[in-house]
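Structure, as C-alpha cells:
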Amino acid sequence: MVLERILALATIIVLAGTLPLAVVAARGFQGAPFGSVLRPLPFVLLAYVALNAGTAVGVSLPPAVALVASGVATVGALVGAANVLVLLTERRKI
C-alpha cells in the first residue's frame, strides 16, 4: 500500500513537471500542422494527474470523477493519434 502511494506520487510529480512543457509546445506549434497533434496533450496530462491524485493522497475518487477523467484522457489520446495518422498518411497538406 505504501509503495503504491509512493509510485502514484512520483507519477503525479513527473506529470506535473511535464505539464508546462506540454502547454508551451501546444502554444508554440499552434499554427503548424503538428500543432493539432499537441493540442490535446495538456488535457491528457491533467486527466492522468486527477486519476492518480486519489491514490497518492490515500482516498478513493468517486466513480463519476474517475470515469470523466479517464474519458478525457482516452479521447484526448485518440484525437492526438488520429491527427498523427492524418499527418503521416499525407492526407493533410503541410
Criterion violated by SER36 - all others in (1) crowded, with 18+ Cβ neighbours inside 10 Å; (2) under 24 Å from MET1 (Cα atoms) satisfied: (2)
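Please go through segment 52-94 and give me each residue that is of a type in the set (S, T, N, Q) and under 18 Å from the mean Cα position of the chain (by Cα), ordered by number.
Going through segment 52-94, the residues of a type in the set (S, T, N, Q) turn out to be 52, 55, 60, 70, 74, 83, 89.
Within segment 52-94, ASN52, THR55, SER70, THR74, ASN83 qualify.
I'd like the residue in segment 54-85 that is in a helix (DSSP H, G or I), at pLDDT below 90 and among the hydrophobic types (A, V, I, L, M, F, W, C) and, out of all such residues, is nearest to THR18 (Cα to Cα). Full working, then the answer.
Applying the first criterion (in a helix (DSSP H, G or I)) to segment 54-85 yields 54-57, 63-85.
Among the residues that remain, those that are also at pLDDT below 90 are: 54-57.
Next, from what is left, pick out any that are among the hydrophobic types (A, V, I, L, M, F, W, C): 56-57.
Details: ALA56: 18, VAL57: 20 Å.
Here the answer is ALA56.
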Of all residues making up segment 21-35, the number that are closer than 24 Å to THR89 by Cβ and without any contact (Cβ under 8 Å) to a residue 40 or more places away in the chain: 7
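The values are calculated or read from the model by the stated rules, or taken from the named source; none is laboratory data. Note that the coordinates shown come from a computational prediction; the quantities given were computed from them, not determined experimentally. All Cβ positions, glycine included, derive from the backbone under ideal geometry; neighbour counts span all protein chains shown.
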